[in-house]
Each structure stands twice: as structure tokens, then as C-alpha cells.
Amino acid sequence: MNAAARPRQTPAVRTAIISDVFADLARIYQPDVNLCLIRRAPEPAIGRFVGELLKRGDAIESSQALSFEHFDFSSLLPGYRELEGHDSWWRDIARLTAAFCDLFETGSVGLRLRTLNQAMCPRFHVDFVPCRLVCTYGGLGTEWLADDEVDRSKLGLAGSKGLPDEDSGLILGDVRTMPAHAVALMKGATWEGRDYPGAVHRSPRPTPEQPRRLLLTLDLLQ
């Protein structure tokens with residue numbers, strides 16, 4: 001299948017799929033679904049690796065376009081190879097990338113890893129991409145709104161009249177948070193190559209208890 005395939009009629013209300021079954025990521029192709037969230041229990045080794053990495057406080061920013069067939073995933077964050085769990089961690093990223101490539105029938109993706117100690121995108125928004133995979137390996141996960149609990153006319157500075165999300169009338173229900181280690185696919189504004197009401201989400205604000213996060217994103221290359 002292809003995310004930029006033939007146009008289809010977009011349902012008035014989109015649904016979020018929340019599941020413990022990894023194969024349910026494929027439900028992102030259903031016309032009435034704009035977010036698939038798969039909850040996963042973190043592997044202890046990965047948890048230890050990410051915990052130690054975040055404790056060090058180093059700023060990490062790695063972004064690259066890669067060919068899945070030729071990329072050496074063990075080369076990710078080489079400065080942390082000595083930490084317990086590095087092998088488990090990069091193998092998990094390799095599995096997620098393989099699934100992403102298989103789902104969208106592509107051999108190349110844009111992979112980005114970063115540590116964050118502040119909200120990168122603090123306002124609710126829709127990504128200007130066909131579809132994005134996100135996984136927060138440590139710290140607070142991405143926040144999102146159910147489709148029937150958001151007033152899309154209030155998105156952006158113009159729609160909100162400069163007011164914070166909590167004051168603009170944009171939020172009509174509960175702000176939800178993706179659990180750490182969960183995998184999410186979010187449709188964006190260019191799904192199927194056209195203007196699409198994708199998943200509404202934002203970066204979380206850090207807390208004293210969880211001041212930093214490690215975020216993975218995978219994007220289709222256009």
C-alpha cells in the first residue's frame with residue numbers, strides 16, 4: 001500500500017486505535033483511523049540503557065535518511081555502546097524501522113533521534129507529512145487529542161488568536177499521553193497526497209520527576 005495513493009472520501013470523525021497487538025499498526029490504512037497506538041512493555045535492558053543515557057544529561061540530535069537494507073543500526077549513538085542495553089535498544093529500532101518500511105512498501109526512511117528537556121512543539125498541531133511513527137523510549141510521551149474532542153478551527157496561532165491551547169477552546173476533552181515505549185503511527189496533513197485532518201498532538205512539558213525524554217521518529221521520504 002502507499003500513503004500517497006488515490007484520494008478517498010475522509011470520514012467526518014476519525015478514530016484512534018489503541019491496542020497491545022503490534023500488527024494493528026496496519027489499521028492506519030482504514031479511512032476512519034488517523035492514529036494507531038500500540039502499547040508495549042519496555043524490555044528491562046532497554047529501560048536501563050535509556051535511563052542511564054538520560055541521567056547523563058547529554059544533548060543528542062541525530063537525523064538521517066537511510067536505506068533499511070544497507071544501514072547498520074548498531075552504529076546509532078556510538079558514544080553509548082558501553083552502556084548495558086545498547087544492543088537491545090538499537091535492535092528494537094531496527095525492528096520498528098523494518099515494520100515501517102514493510103507497512104508503507106518503501107526501503108528508505110528518515111530516522112531522527114533526540115533528547116529533549118523542553119517541549120519541542122508545545123502547541124497542538126498536525127504534522128505536515130503523510131504519516132509519522134513516534135516512540136518515546138524514556139520520559140514523558142507525546143500528548144494527543146481524540147478527534148471528537150478537538151476544535152480544529154482553533155489550531156495554529158490564527159485560530160487560537162494567540163491564546164494557549166488550554167484557553168483557546170481547542171481542547172474539548174481529555175489530553176491523552178502516549179506511554180513510554182509505546183509505538184504510534186499518526187496520519188499527517190499530506191496523507192494520500194492531499195489536505196487531510198491528521199492526528200492532533202503536541203510535545204509534553206517536562207516535569208521535575210521526568211525532566212528529559214528520548215524520542216524516535218520515522219518519516220516517509222518524499
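The values are calculated or read from the model by the stated rules, or taken from the named source; none is laboratory data. From a predicted model like this one, the values you see are computed outputs, not experimental measurements. Don't worry about glycine lacking a Cβ; one is built from the backbone with ideal geometry, like all the others, and counts go over all protein chains shown. Accessible surface areas use protein heavy atoms only, side chains included; no ligands, DNA or RNA. Shrake-Rupley method; radii C 1.70, N 1.55, O 1.52, S 1.80 Å.
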Taking segment 84-102 as the search range and keeping residues that are touching a strand residue (DSSP E or B) at 6+ places or on another chain (Cβ under 8 Å) and in contact (Cβ under 8 Å) with a residue 40 or more places away in the chain, which one is nearest to F73 (Cα to Cα)?
-> I93
So, of the residues in segment 21-46 that are under 13 Å from G138 (Cβ atoms) and modelled with pLDDT under 95, which turns out to be surrounded by the most Cβ atoms within 10 Å (Cβ to Cβ)?
-> P42
Flagged in segment 159-198 as in a loop (DSSP other than H, G, I, E, B), among the hydrophobic types (A, V, I, L, M, F, W, C) and over 15 Å from D219 (Cα atoms), in numbering order, are L163, L170, L172, V175, M178, A180, A182
Select from segment 103-124 the residues that are open to solvent by 40 Å² or more (accessible area, probe 1.4 Å) and within 13 Å of the chain's Cα centre (by Cα) and list them in ascending order.
-> R112, M120, C121
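For segment 139-158, what are the residues that are under 14 Å from the mean Cα position of the chain (by Cα) and assigned to a loop (DSSP other than H, G, I, E, B)?
G139, L140, G141, T142 - these are the residues of segment 139-158 that are under 14 Å from the mean Cα position of the chain (by Cα) and assigned to a loop (DSSP other than H, G, I, E, B).
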Total residues in segment 75-102, condition over 14 Å from the mean Cα position of the chain (by Cα) and polar (S, T, N, Q) | 2
Go through segment 78-102 and give me each residue that's farther than 25 Å from I38 by Cα and either of a type in the set (K, R) or open to solvent by less than 60 Å² (accessible area, probe 1.4 Å) (or both).
-> G79, Y80, R81, L83
Candidates A158, A146 - the one that is open to solvent by less than 50 Å² (accessible area, probe 1.4 Å) and either among the small types (G, A, S) or within 20 Å of I38 (Cβ to Cβ) (or both) | A146
Output for segment 10-20, where each listed residue is assigned to a loop (DSSP other than H, G, I, E, B) and either in contact (Cβ under 8 Å) with a residue 40 or more places away in the chain or open to solvent by less than 70 Å² (accessible area, probe 1.4 Å) (or both) | T10, P11, V13, R14
Residues satisfying the stated conditions in segment 197-209, i.e. more than 11 Å from the chain's Cα centre (by Cα) and either of a type in the set (A, V, I, L, M) or open to solvent by 10 Å² or more (accessible area, probe 1.4 Å) (or both) | P197, V200, R205, P206, T207, P208, E209
